[in-house]
Each structure stands twice: as C-alpha cells, then as structure tokens.
Amino acid sequence: MIVFRRRALGSLGLTVAFAALAGVVLPAAARSYDDDGLRSGTVFTSSNAQSGNELLVYARGQDGALTLHARSSTGGQGSGAGLGSQGAVTLSGDGRFVFVVNALSNSVSTFALQGRELKLVSVVPSGGLHPISVTEHDDVVYVLNDAGAGNVAGFRNVHGELKPIVGSVRGLSVAGGAAPAEVGFSDDGDTLVVTEKNTNRLTSYRVRSDGGIDAPVVTASPGQTPFGFAFNRRNRLLVTEAVGGAPGASTVSSYRFTQSEPAKPLVVSTSIADTQGSACWIAITPSGRYAYVSNTGSSSVSSYRIAPAGQIELVQAVAGQTGSGSSPADTAISADGRYLHVRSGGTFTISSFTIEHDGNLTATSTAVGLPTTAVGLASN
C-alpha cells in the first residue's frame, strides 16, 4: 500500500500531498521486479505537465512489455513542452532514489523506492532557472539549469533530502545562450560534464572530495550540436552530435580522460557517422560494449560497438525502428542489459527491444498513451 501523508517542503515554503499512487497495480505474476520491488524491472518517465508534473512508473514483464503501474505527483510543475535534454529523470547509482526535474517551478523532486512503495521525500529549488537534467554519483547530485545565465548546482543526498553543497554552483562556457542538453558524472565520479548545443562545446568540471566542483574546462566538440552522452564502466565518454538536425548527417564521438587531467576530455574517435538525422539521445549497455542512439529525425535507433580503449564503430545505422513520425528521444537500458526502451515524442509511446548477445535489437512491444508532454526515461 502506498503511504499518504503531508509534509512541509523546507525552503520552498510549500506543503504538498504525498498522494497515493494512482494507476493499475499489476498481479505479481506479471511483474519482473517481484523480489526487489520497484528497484528492479521498472521504467520511469515524467509527464512534464504545467498543471502538475507527475512521475509515471511502468512495470516490465518477463517478455519486456511495459504496463503502467502507477503515477505520482512530483510536487512541482513541468514545462508543458520538450526540454531538449537528456536526463530529466534519473535513478541513483544504488537504485534507491529517483530524481525528477520540475522545469517550470525551478525545482527537483526526490522519490524513494522502498519495496513496492514510491515515496516523495523532498522537493527543493534547483539552484537556478528551468532545470532540464539531473545526475547522481555516490549521493552527490547535480542539476543543470538552462535559463538565465545557465548553471550547474550541486546537492548532497541525505536519505532523499537534497542539501545544497557549498561551492557547487558554476556557470557554463558562456553566460546565457549555451543551450545545454545534459549534465552527467563520469563513471568514477571524478568529472562532471555538460554538453552545449549552441556553442558546440563540452564544459566539464573536476569534482572535489567534498562534492564541490572546480572552475569549468571548455573543450570544442569535433561535431556540431553535441547533445546526449553516456559513460561506460571504463570511463569512456560517448557524445551524440545532431549536426543541427541535418538529414543523414548525425555523428557520435568518443573521449577518454587521464588521472593527471580528470576534467579534460580527450577525443578518441572523431564524429563517426550513423547516416541518420538528429542523433540526440544515447545509452550504453552495462557491459560497456554497445551503445544505442535515438535518431529523432529518422525514427530509428543506431548501434555502435565500443572498444576497450574507447574507439567506436557503427554496427548498424538502423538497428531498430520506432515507427514513421515517432521522433524517438529518451533511451534507457535495463540494469541487466537485456532490454532497450525508447520514448518517442511523436507518437507518445515507449518502444521496447530485446538486446541480443551480439548487440542486435529485436522489437518486443510498444507501450502507448504517454502524456503528450512527457520527458525523461530511466530503467532498472
């Protein structure tokens, strides 16, 4: 049973209802997260509605099919429109928490996953204007705000309560107009990275032991319109390059980091084409061997192979398709590496694929009826 209670939200000066989750509760046999509750076999997205943002929870069956399990208010307001970002919904590394940005109300919500219960723990100001992406590593949380001058702001996650970190608010490569797309930690947590679409730059920061960050290090992107990115467990960074949405022109670049310069990304593979349009979102398998890119302009998913040193090669330009006019966006891979999920903004769906041992994709099912304003995707 989901708990219902009310709680004052600290510095926001607001009181919100921790509402009971609405939606269909599936029979236990239909769930693949039976033993671990919501911490296994679950997919999360947000409604991003101006009237009130919600976290939507989908249960994944044994065949990979998704069914809406529940939905809960975030205690904030969404933008009601696309955010042009990756990471609007993020799981903590230990799988215990979900973080959701509320773009219109300039706040971030934290949910705790406790068995089969989803509990809204806190809603805090994002440290800037119009938050669009959030990331976490070892209880350190950073939020990317894209309005005003634009910045990143850091927090310490204390049992779901986000506490601001002194010295964690930093600007981007320019004060305003950068059009950032994502904030994310390196796999080892030593580096924080932001992609900037308008400046064609990566802005990165060394993360200190106290969770604060040093001054930004700015690196030119070899390809235009760097957008989404992901790290594998060898700390190799892959970044999509949408090239302004030009048909057939999208690329992906890879980077590595050194211990002597942990905040400086060094190019390994330069702008490897996928021959598709508007490559924006990307996810990497837990093995670190394969990456999948959503091509919004081509309604397709491309696959790349990642070498141990970080070199990448295109495996299939069209490894999967999400349907004509679907405009695939956010991507997420299950923790066991068996399933790829892709949220499509054109058809308001989530397409699911089985990831085969050789990296090939097999379409399994499509969940329909997402809110038209939905953004973000996370999977465990």
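The figures follow:
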item	result
Relative intensity, log₁₀ I(q)/I(0), of the range 31-100 from a Debye sum that treats every alpha carbon as a point, q = 0.12, 0.16, 0.23, 0.27 Å⁻¹	-0.34, -0.59, -1.05, -1.22
Rounded accessible area of ILE272 (nearest 10 Å², 1.4 Å probe)	50
Mean shadow area of the range 194-272, taken as a quarter of the surface of its Cα convex hull (nm²)	5.4
Cα pair distances of the range 278-368 binned at 5 Å [whole percent]	3, 16, 29, 26, 16, 7, 2, 0
Which label in (1) 1.03; (2) 0.98; (3) 0.94 gives the computed Rg/Rh (Cα atoms, Kirkwood Rh)	(3)
Full-extension gain in nm, ASP138 to ALA363, via 0.36 nm per residue minus C-alpha separation	77.6 nm
All-pairs Cα distance distribution in the range 71-150, expressed in whole percent, bin size 10 Å	20, 54, 24, 2, 0
Euclidean distance of C-alpha centroids, the range 351-371 and the range 150-221, integer Å	32
Taking the C-alpha atoms of the range 125-187, convex hull volume expressed per residue in Å³	82
Separation in nanometres of the label points that stand 7 Å from Cα toward Cβ, at THR372 and ALA81	1.4
Pair GLN62, ARG156: separation of 7 Å Cα→Cβ label points (nm)	4.6
Gap separating the Cα centres of the range 58-126 and the range 330-347, nearest whole Å	15
The range 316-380 - Rg and Dmax from Cα coordinates, angstrom	11.4, 35
Quarter of Cα convex hull surface for the range 149-227, i.e. mean projection, nm²	5.4
Probe 1.4 Å, accessible area per residue of the chain, Å²	37
Protection proxy ranking of 333-343, 309-319 - average other beta-carbon atoms within 10 Å, highest first	333-343, 309-319
Net lengthening on full extension, ARG234/PHE348 (0.36 nm per residue, minus Cα-Cα)	37.6 nm
Within the accessible area of the chain (1.4 Å probe), percent carbon and sulfur	50
Rg to Rh, two decimals, where the range 117-259 supplies the alpha carbon set and Rh follows Kirkwood	0.97
Heavy atoms of ASP188 accessible to a 1.4 Å probe, total area in Å² rounded to 10	70
Lys, Arg +1 and Asp, Glu -1 on Cβ, resulting dipole of the chain about Cα centre, debye, nearest 20	480
Label-point separation, ASP214 to ALA309 (7 Å along Cα→Cβ), nm	2.6
Computed lengthening from LYS163 to THR270, 0.36 nm per intervening residue step minus Cα-Cα distance	34.7 nm
Bins of 10 Å, starting at 0 and running to the largest distance - Cα pair percent for the range 222-266	28, 46, 22, 5
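The values are calculated or read from the model by the stated rules, or taken from the named source; none is laboratory data. Since the structure is predicted, the reported quantities are computational estimates derived from the model, not experimental observations. Ideal geometry is used to build each Cβ from the backbone, glycine not excepted, and the neighbour counts take in all protein chains shown. Side chains are part of the model used for accessible areas, which takes the heavy atoms of the whole protein and leaves out ligands, DNA and RNA. Shrake-Rupley method; radii C 1.70, N 1.55, O 1.52, S 1.80 Å.
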